[in-house]
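The values are calculated or read from the model by the stated rules, or taken from the named source; none is laboratory data. The shown structure was predicted, so the numbers you read here are calculated from the model rather than taken from an experiment. Please note: Cβ atoms are built from the backbone with ideal geometry, for glycine as well, and neighbour counts cover all protein chains shown. Ligands, DNA and RNA are stripped out before the accessible areas are found, and what is left, the full protein with its side chains, is counted by its heavy atoms. Shrake-Rupley method; radii C 1.70, N 1.55, O 1.52, S 1.80 Å.
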Amino acid sequence: MIELIQRRRGLIAGIIAIILFGMWASTQYEPRVLASILLSGLTLGALYFLVTSGLSLIFGLMDVLNFAHGTLFMIGAYIGFTLYANPRLLLNTLPFGLALVAGWILARWLPANSLPSGHRRPLWVAAVLVGLFAIWNFELAPLATTALSSGGRVPTEQAQAPTPIFIARALGLAVAGVIAGAAFLAGREHTRRPERRDLIVPIILLALALLIAPLRLTLEEWLLSLDSNTRFLLALLIGAGGGAALGGLMEWSLIRPLYSRPIYQVLVTLGLVFVGTELVKGVWGPGGYFMELPAWFSQRGPNCPSPNLIAWLQDNCASIDVLGRPFPSYRIFIIALGILMFVGIAVLLRYTRLGMIIRAGVQDGEMVQALGINVRRVFTLVFALGAGLAALGGVAAAPFLGISPGLGQEFQLQAFIAVVIGGMGSFTGAAIGSLLVGLARAFGDQIVLTGIQLPWMSEAMTFSPSIARASTVLIMALVLLLRPAGLFGKKE
Amino acid sequence: MRERLKSSQWAGLGLIGGLVIFPFVIALLTGQPVDAGVPKFWQGMLIQVFILAVFAMSYDILMGYTGILSFGHALFFGTGAYTVGILLKHAGWDLGAALLAVIVIALVQSLIIGLLSLRVSGVYFAMVTLAFAQMAFLLAEATDFRQWTGAEDGLQSIPVPAWISPTNERLRFYYVTLGFTIVMYLLARQVVNSPTGKVMMAIRDNETRAKVLGYHALTFKLIAITVSGIMAALAGAFNALWNLNANPAVLGVGTTINALLMTIIGGVGSLIGPMLGAGVIQLLGYWLNVFFGPSWPLLFGIIYILIVLFLPYGIIGTWRLRGASWMALWRKRLQELRARL
């Protein structure tokens, strides 16, 4: 019993703190106010959890602290929102990406193994030059901004460009991909000889690229004619998928070469924060956007707000009645999404082979490698998974918080605080930390509304939301003083 | 004491001399008066380089000499800027007292941040310091303190004493910042070469061993943070005097990245390296801005990533690694050339 208490003291301390805080809060607020504060806290906590879970998994497994996780969150939001509001940008860039990747894979059929490694640098330069030539004067910013601000009614030059030019650009990128692939393989021994069935993937990719190219405008119209719910689900999927692809690419290209220099990995991710933010500003503009809620969460009518969740399933009201106060139904969806992801990851970690490898890798990565498991591939997978979770969080947060280039940094800060509170590398810790920070933020926002009145004050003291946001750092400082490794972290 | 100066010391003295006569050289070359036009512009350019050089150097005392990776260095820089701004503008202090207050506040602040953050190490430290800096950033933006900090707009038109005004007395400001930079460099060199500095380096190389030898690692790390914090705060104060304002951006992540960039480009673990890096970054930023307009921060970020990937030791570090062999190669070529002639 005592041993159990000692082992679980982080959990117990957390529970006691929550109970004490709950008792204070219940004397301060009436139950229905308290209920909506708690639900708001859960909403924020669920979003923070989507960021911290990936952060924590990545750190636990490969000791890389990804400072760009918030940026992935933000980029996920932008990708999802673009698909939801106007997919022109995505449809006009997707063929390029597909062609590039197809070319890269096709390079394996070149007799590249015979190329000496000295040819590597000129080949890289050639690949970059060909690639730049292929996309010369193809501007992304008008594709994104005019399409989004006009709801797709105003045509943009790039989207209207004749199909042959577009296809020529895509093929040019495919050639760039081939050269880059050759540069990558030059002087490399021990590459597996490609077989005929390996051709299937690049051919499909290239075919898709060539197929989308003439159908860009039709596809755009078709996607926009779908109902908002389907588009919303697609946005969640594509946003998360795009984020995962970006994360995987990032690990493979920038993090992997630096495993021998851990500090520099962190420096690279910090640089990516800068590059990602500037890139988003360049493509989507420095201003923010507002994403409309899908029909499931935006109905208004005589029955609204829905009296309970089951009634909401039929009338899809924008808000649900919680103890006599309306609460936005979309936030309930975010909470559900958070819980779903928590359970999903827990199941993945506990019951699958990949999860077993991840858990083993957190314990002792070298041993796992010694047992003959390709740890590098698992690293890339987990990085992609974490990035995908963050991006999913970004899409989910978009209708609720709005989209702006600064979105990532704000979430990064709160996610870091949550991770420090919960303990690095611990999945449960990430969840509890996110929950605590989310609740703290919700209470902070409430106090901003009403002000705080201590017994000796004649009138309530009020302050701005910035202070409420900054105050979570104080919780972090407290946890650092009492338990530097976090509530669930291992002692260093 | 008639000691012969080493070649590097001659180079240093030559550099200082060059910087002292620099405004007049430019004035001669362009034929414009020294306090107007092009010479004035280039004085301003170098003033910014000097300020950033001190900031980068202070960062390197932490990162290069003590092995502490901080992502919250903007906190010290920004606090210095805001302190001097608020004291001059709202409290009406004179400049000397305000700078003294900057030192005291930076001392207290770095001790508090150090004691809290040093409970964790490695990347955790980076994360925690980033959180503290972001807190300061949010507080600077908070509307509650608008009458003192000016919220999002920042502190505008700080009343800098007339004798050192960066607009009217540019040349004097130039020499004052040059002197400030030289003093800071000499101080930093004193710290780094002292026994304390040696212990810092021992901690960087192998903390456990330093502890086993009986050094209290926390104390030395705290000394490093304090020295570094005070230097950064003074640099921030000069930055506020130069720009005549202090806005929340000086507390933002961008400022920290800037320090990192200058330190890495110049070379980690040397005092000259970061100063050189400051010069490179300032001039590169200026040219990129001229040629590429608004998309230059993006290019800047890409260059930063490429440098981290391919040139991890920076200019000074790469020179130290390869310099000897390059020099030998050149000497050989020269000899061949002479033989042929």
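With respect to the conditions (1) within 11 Å of chain A (Cβ to nearest Cβ); (2) of a type in the set (V, I, T); (3) open to solvent by less than 10 Å² (accessible area, probe 1.4 Å), B:I164 lacks only one, and its number is (1). For the range B:153-186, give me each residue that is part of a loop (DSSP other than H, G, I, E, B) and either among the acidic types (D, E) or touching a strand residue (DSSP E or B) at 6+ places or on another chain (Cβ under 6 Å) (or both). Those that are part of a loop (DSSP other than H, G, I, E, B) and either among the acidic types (D, E) or touching a strand residue (DSSP E or B) at 6+ places or on another chain (Cβ under 6 Å) (or both): B:G154, B:E169.
Considering the range A:299-344, the residues that are hydroxyl-bearing (S, T, Y) and modelled with pLDDT of 80 or more include one that is most open to solvent (accessible area, probe 1.4 Å), namely A:S319.
Under the condition of being of a type in the set (V, I, T) and closer than 18 Å to A:A470 by Cα, the residues counted in the range B:143-169 number 2. Being of a type in the set (A, V, I, L, M, F, W, C) and more than 30 Å from A:G324 (Cβ to Cβ): is that true of A:L47 here? Against the criterion (of a type in the set (A, V, I, L, M, F, W, C) and more than 30 Å from A:G324 (Cβ to Cβ)), A:L47 does not qualify.
Considering every residue within the range B:193-215, establish whether at least one is more than 23 Å from B:V104 (Cβ to Cβ), touching a residue at least 60 places away in the same chain (Cβ under 8 Å), among the aliphatic types (A, V, I, L, M) and open to solvent by 20 Å² or more (accessible area, probe 1.4 Å). Yes - at least one qualifying residue is present in the range B:193-215. All of B:L298, B:L261 fail the test of being assigned to a helix (DSSP H, G or I), open to solvent by less than 20 Å² (accessible area, probe 1.4 Å) and under 23 Å from A:V280 (Cα atoms), apart from B:L261.
For the range B:286-304, a residue qualifies if it is within 13 Å of another protein chain (Cβ to nearest Cβ) and not hydroxyl-bearing (S, T, Y), and the qualifying residues are B:L288, B:F292, B:G293, B:P294, B:W296, B:P297, B:L298, B:L299, B:F300, B:G301, B:I302, B:I303.
Note on the range A:418-448: residues that are aromatic (F, W, Y) and under 18 Å from the mean Cα position of the chain (by Cα) amount to 1.
Among the residues that make up the range B:129-137, is at least one of them among the hydrophobic types (A, V, I, L, M, F, W, C) and more than 9 Å from chain A (Cβ to nearest Cβ)? The answer is yes; a qualifying residue exists. Taking the range B:312-326, which residues are touching a residue at least 24 places away in the same chain (Cβ under 8 Å) and either open to solvent by less than 80 Å² (accessible area, probe 1.4 Å) or at positive phi (or both)? Answer for the range B:312-326, where residues must be touching a residue at least 24 places away in the same chain (Cβ under 8 Å) and either open to solvent by less than 80 Å² (accessible area, probe 1.4 Å) or at positive phi (or both): B:P312, B:G314, B:I315, B:I316, B:G317, B:T318.
Look at B:T318 and say whether it is assigned to a helix (DSSP H, G or I), at pLDDT 85 or above and among the β-branched types (V, I, T). For B:T318, the condition - assigned to a helix (DSSP H, G or I), at pLDDT 85 or above and among the β-branched types (V, I, T) - is not met.
Looking at the range A:357-379, can you tell me whether even one residue there is within 24 Å of A:A397 (Cα to Cα) and touching an Asp or Glu at 6+ places or on another chain (Cβ under 7 Å)? Scanning the range A:357-379, I find no residue that is within 24 Å of A:A397 (Cα to Cα) and touching an Asp or Glu at 6+ places or on another chain (Cβ under 7 Å), so the answer is no. Note on the range A:375-492: enclosed helices (runs of 4 or more DSSP H) holding 1 or more residues that are within 12 Å of another protein chain (Cβ to nearest Cβ) and either among the hydrophobic types (A, V, I, L, M, F, W, C) or open to solvent by 20 Å² or more (accessible area, probe 1.4 Å) (or both) are A:407-422, A:427-450, A:465-482. The residues in the range A:12-67 that are in contact with a Ser or Thr (Cβ under 9 Å, 6 or more places away or on another chain) and either within 14 Å of chain B (Cβ to nearest Cβ) or within 23 Å of A:F342 (Cα to Cα) (or both) can be counted, and the count is 16. Here A:R261 clears all of (1) open to solvent by 40 Å² or more (accessible area, probe 1.4 Å); (2) under 25 Å from the mean Cα position of the chain (by Cα); (3) closer than 26 Å to B:M127 by Cα except the condition numbered (2). Scanning the range B:109-126 for residues that are among the aliphatic types (A, V, I, L, M) and at the interface with chain A (Cβ under 8 Å from one of its Cβ atoms) returns B:L116, B:V120, B:V123, B:A126. Could you tell me whether the range B:56-67 includes any residue that is more than 14 Å from chain A (Cβ to nearest Cβ), open to solvent by 10 Å² or more (accessible area, probe 1.4 Å) and either in contact with a Phe, Trp or Tyr (Cβ under 9 Å, 6 or more places away or on another chain) or part of a helix (DSSP H, G or I) (or both)? Within the range B:56-67, one or more residues are more than 14 Å from chain A (Cβ to nearest Cβ), open to solvent by 10 Å² or more (accessible area, probe 1.4 Å) and either in contact with a Phe, Trp or Tyr (Cβ under 9 Å, 6 or more places away or on another chain) or part of a helix (DSSP H, G or I) (or both). Scanning the range B:52-108 for residues that are out of contact with any His (no Cβ under 6 Å at 6 or more places or on another chain) and among the aromatic types (F, W, Y) returns B:F55, B:Y65, B:F71, B:F76, B:F77, B:Y82, B:W93.
Exactly one residue among A:L223, A:L217 is under 27 Å from A:A398 (Cβ atoms), in contact with a helix residue (DSSP H, G or I) (Cβ under 8 Å, 6 or more places away or on another chain) and open to solvent by 50 Å² or more (accessible area, probe 1.4 Å), and that residue is A:L217.
Within 14 Å of another protein chain (Cβ to nearest Cβ), in a helix (DSSP H, G or I) and crowded, with 21+ Cβ neighbours inside 10 Å: does that describe B:A106? Write out each step before concluding.
Working: within 14 Å of another protein chain (Cβ to nearest Cβ): no; in a helix (DSSP H, G or I): yes; crowded, with 21+ Cβ neighbours inside 10 Å: yes.
Criteria not met by B:A106.
Against the conditions (1) touching a residue at least 40 places away in the same chain (Cβ under 8 Å); (2) away from every other protein chain (no Cβ under 13 Å); (3) open to solvent by 20 Å² or more (accessible area, probe 1.4 Å); (4) more than 25 Å from A:K281 (Cβ to Cβ), B:A278 satisfies every one except (3).
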